[in-house]
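Working notes, beginning with the structure itself.
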Amino acid sequence: MSRQADLVDALKNISTEGQNPDTLDIDLLDSLGVLKKINTEDKKVAVIVGQLLAEIAQGVDLIVDAFASGGRLIYIGAGTSGRLGVLDSVECPPTFSVSSGQVIGILAGGAGAMYKAVEGAEDNKQLAIDDLQAINLSSKDVLVGIAASGRTPYVLSAMAYAKEQGAKVIGISCSANPIYAQHSDVDICAVVGAEVLTGSTRMKSGTAQKLILNMLSTASMIRSGKSYKNLMIDVNASNEKLYARAVRIVMQATECDFNTAEQALAQADNQTKLASLMVLTGLDVNQAEAALLTNKGFLRKAVEQQGC
């Protein structure tokens with residue numbers, strides 16, 4: 001049997017490649033009918049992800065520990081899976097004021113693959129190792145391998161290499177695969193079933209992956225002191241909209257007026273958390289910085305320490 005024939009045979013055992021019996025007539029429907037079918041399938045995704053919260057929490061704990069020891073969160077994948085990882089990584093710096101090197105997204109085929117598929121990249125095992133070596137993957141890091149099928153050679157190779165280096169590995173997939181699970185310290189497998197269009201894993205599988213990635217990064221940041229109550233207290237005021245959001249966050253966190261929030265932000269070099277602590281406690285910039293450092297960046301703890 002040829003390699004292609006072997007692959008065709010293997011696809012039979014991948015749940016995301018199955019033919020959905022509920023959408024066999026989708027090509028006969030009008031626009032509203034097509035959308036109803038898609039929406040019905042989409043509704044199933046959040047429920048399935050909800051059944052995996054224990055596993056996702058284990059992943060969050062690994063990431064929090066890595067951040068605390070100077071490690072990084074690294075996403076790696078091919079195609080839609082890889083693009084979702086890149087998307088999550090690039091949104092972390094403006095949202096949480098972390099460096100661009102703390103959360104990294106690696107896509108098979110490089111940056112150009114964000115816009116145009118790079119043929120053969122997802123099958124290249126050595127490329128995955130080269131990509132991880134290029135960022136100096138270490139035992140302090142957490143690698144998240146993302147592959148809807150749970151069989152992508154590029155991703156499996158990256159996960160195996162990461163384990164060899166002593167890094168922790170989280171696997172996100174949408175089709176159960178014992179080999180994928182063996183490569184993972186935490187296996188998060190969201191079996192969403194056959195897609196509306198057979199094999200189009202940018203749909204339910206992509207939605208499930210996006211939900212899980214949102215949870216991993218957001219929960220890890222919250223548990224690392226990047227929020228106060230439910231406010232993005234470390235937002236980076238790098239443009240007009242984000243500056244306005246920073247002013248509003250200081251106002252919400254401290255119940256102060258607009259002018260007080262602007263003055264505090266100016267004194268704090270637009271650092272939302274620092275400005276909020278100054279308003280809440282009356283500390284000056286240097287005192288507030290020291291209080292945050294003592295409390296490892298947790299604003300609530302710093303406020304409580306001042307008896308406020």
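The values are calculated or read from the model by the stated rules, or taken from the named source; none is laboratory data. Keep in mind the model is a prediction, meaning the values are calculated, not measured. Heads up, the Cβs are rebuilt from the backbone with ideal geometry, glycines too, and the neighbour counts pull from every protein chain shown.
Listed values, structure above:
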read-out	value
Selection from the range 47-94 of residues that are part of a loop (DSSP other than H, G, I, E, B) and farther than 15 Å from Ala167 by Cβ	Gln51, Leu52, Ala78
Selection count, the range 220-243, where residues are assigned to a helix (DSSP H, G or I) and at pLDDT below 95	4
Condition check for Val192: on the phi < 0 side of the Ramachandran plot, in contact (Cβ under 8 Å) with a residue 12 or more places away in the chain and crowded, with 24+ Cβ neighbours inside 10 Å	yes
Filter result for Ile212 (crowded, with 20+ Cβ neighbours inside 10 Å, in contact (Cβ under 8 Å) with a residue 12 or more places away in the chain, among the aliphatic types (A, V, I, L, M) and part of a loop (DSSP other than H, G, I, E, B))	no
Some residue of the range 47-55 being in the same structural domain as Ala162 (by TED's automatic domain parsing), in contact with a strand residue (DSSP E or B) (Cβ under 6 Å, 6 or more places away or on another chain), aliphatic (A, V, I, L, M) and at pLDDT 95 or above	yes
Which numbered condition Leu213 fails, given (1) closer than 30 Å to Val47 by Cβ; (2) of a type in the set (A, V, I, L, M); (3) outside the structural domain of Ile48 (by TED's automatic domain parsing)	(3)
Qualifying residue in the range 17-28 (condition: part of a helix (DSSP H, G or I), in contact with a Lys or Arg (Cβ under 8 Å, 6 or more places away or on another chain), modelled with pLDDT under 95 and buried (at least 19 other Cβ atoms within 10 Å of the Cβ))	yes
Subset of the range 81-97 (residues that are surrounded by fewer than 19 Cβ atoms within 10 Å (Cβ to Cβ) and not charged (D, E, K, R))	Leu87, Val90, Pro93, Pro94, Thr95
Which numbered condition Gly77 misses (of (1) without any contact (Cβ under 8 Å) to a residue 60 or more places away in the chain; (2) touching a strand residue (DSSP E or B) at 6+ places or on another chain (Cβ under 6 Å); (3) not charged (D, E, K, R))	(1)
Failed item, numbered, when Ser100 is tested on (1) touching a Ser or Thr at 6+ places or on another chain (Cβ under 7 Å); (2) loosely packed, with under 12 Cβ neighbours inside 10 Å	(1)
Helices (runs of 4 or more DSSP H) wholly inside the range 259-308 that include at least 2 residues being closer than 20 Å to Ala244 by Cβ and of a type outside the set (Gly, Ala, Ser)	272-281
